[in-house]
Structures are given as C-alpha cells and as structure tokens.
1. Which ones in the stretch 1-54 are basic (Lys, Arg), in a strand (DSSP E or B) and under 26 Å from Leu166 (Cα atoms)?
2. Just the residues that are open to solvent by 10 Å² or more (accessible area, probe 1.4 Å), over 15 Å from the mean Cα position of the chain (by Cα) and aliphatic (A, V, I, L, M), please, taken from the stretch 115-148.
3. Given (1) under 21 Å from the mean Cα position of the chain (by Cα); (2) at pLDDT below 90, identify the lone condition not met by Lys30.
4. Anything in the stretch 126-145 that is closer than 18 Å to Leu103 by Cβ and either charged (D, E, K, R) or in contact (Cβ under 8 Å) with a residue 40 or more places away in the chain (or both)? List them, or say none.
5. Of all residues being over 16 Å from the mean Cα position of the chain (by Cα) and without any contact (Cβ under 8 Å) to a residue 12 or more places away in the chain in the stretch 168-190, which is surrounded by the most Cβ atoms within 10 Å (Cβ to Cβ)? Just the residue, please.
6. Considering every residue within the stretch 63-72, establish whether at least one is more than 26 Å from Leu167 (Cβ to Cβ), at pLDDT below 95 and touching a Leu at 6+ places or on another chain (Cβ under 9 Å).
7. Do you know which of the residues in the stretch 15-60 that are within 22 Å of Leu81 (Cα to Cα) and of a type in the set (S, T, N, Q) is most open to solvent (accessible area, probe 1.4 Å)?
8. Any residue in the stretch 94-108 that is in a loop (DSSP other than H, G, I, E, B), open to solvent by less than 50 Å² (accessible area, probe 1.4 Å) and farther than 22 Å from Ile154 by Cβ?
Amino acid sequence: MRLVIARCSVDYAGRLTAHLPSAPRLLLIKADGSVSIHADDRAYKPLNWMSPPCTLKEGDGVWTVVNKAGEKLIITLEEVLHDSSHELGVDPGLIKDGVEAHLQELLADRIETLGEGWTLIRREYPTAIGPVDILCRDADGGTVAVEIKRRGEIDGVEQLTRYLELLNRDPHLAPVKGVFAAQEIKPQARVLATDRGISCAVLDYDGLRGIEDDKLRLF
C-alpha cells in the first residue's frame, strides 16, 4: 500500500465530470490497483476513487488513472508532503461472530431455501480479496455469490460488490449475480443493493435451525 499526502486538485472525466479544487489530501494506492482520494472529514469514505482494474501513470506533477471503461481520474500534484509504501501482506479478513458463522453453515446446508433447484458450489469460496461466504448456482445454472451478515448495512453491500466485480472477471463463473442475506437489512442497504442489481434475503435464524417455520424471503 502506498500513502501519499499532497496538496492537489482532482478532475474526473467519465459518465459525468467532477472537480475537486486544490487542498491537502491523502492519496491511497492499494496493491489491487485501486486509487482513492481522501479528506480529513469524511470518515472512511473517499472523495473520489477508481476501482480496479485500472492503470496509474505518473507524469511530471500529474497522475492519470484510467479504468477499463476509459474513465479518467486526473490528479494534479502541487506539493507532496509525504510519500511512503508499506507491505501489508494477505489480510485474513473479518472473523465472523458465532451467529454469522452458523447462518452461513445453515444456509449452505439448506441452499434450496433461496430458490427451488439451487445448488451449493462451496462455502468460503476463495478470492484475491477474501473468501465469499457462499458460492452457488440457481435453477438456471447461473452463478450466485451470497454475502451473509447478522445486520445488513451499506458496508456489507459494498463488500459483496467488490466480490462480484472480481468474480465476474472469471469466464468460468461469469455472469455472477449477488444475494445479500442478513437477519435484518437496513433500508439504505436495501436501496443500494437494488440499485446494483443485488437481491436481498431476510434470514430467520431460528427458522433455519428448524425451531420455527422457515421465514426466509428473497426480494
């Protein structure tokens, strides 16, 4: 990971245009090729970013980041205050609590509750950015990635989106659809998932365990 703190301006050219005037900012370049630009007042959310696959070309005071769609992020550096690189290695990912781990196990064992004719490929399907909770096939033979949470929030949708971007590069799996599954899904997360073509499933933990009637709903 490379961390650059610099006074810079940023221009985005693609489906729309956007401009960030000159200010001190953090430029984050990750090993997966992504580039993101951060201010000091927006928590974890970047001001602008380019997701992989993309290429970064460093010129004399100007960085140009281009993705596969030809969209550009042009960063004009006025003053570099800090520039360092750090090898973080492979991240083990989030360790699920007992309920999430058990939900994954139960749903994998009863994958047909997501739809008649659905079949399991495997749990913890490995990718370069972490394991997908469940990879399965629907009744039509299409590949489906399932991300499971106790509480479904925007972060979980973002996580599944990154998995889908990566999985859809594999011609043996593509096209890959997504299902965001949780005991409770926040309205904002549902809106974001729907906008990205991701289905939402509300999980009844007790129902999957066989204590109550199954109340799994796929929307």
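The values are calculated or read from the model by the stated rules, or taken from the named source; none is laboratory data. Note that the structure is a prediction, hence the values are computed from the model and not measured. Because the Cβ atoms are built from the backbone with ideal geometry, glycine has one as well, and the counts that use them run over all protein chains shown. When the accessible area is computed, the model is the full protein with side chains, heavy atoms only, and any ligands, DNA or RNA have been set aside. Shrake-Rupley method; radii C 1.70, N 1.55, O 1.52, S 1.80 Å.
1. Residue satisfying the conditions is Arg2 alone.
2. Leu120, Ile121, Ala139
3. So Lys30 meets the others, but not (2).
4. Of the stretch 126-145, the ones closer than 18 Å to Leu103 by Cβ are 130-136, 144-145.
Result: Asp133, single match.
5. Restricting to residues being over 16 Å from the mean Cα position of the chain (by Cα) and without any contact (Cβ under 8 Å) to a residue 12 or more places away in the chain, the top hit is Asp170.
6. Among the residues of the stretch 63-72, not one is more than 26 Å from Leu167 (Cβ to Cβ), at pLDDT below 95 and touching a Leu at 6+ places or on another chain (Cβ under 9 Å), which makes the answer no.
7. Here the residue is Ser22.
8. no
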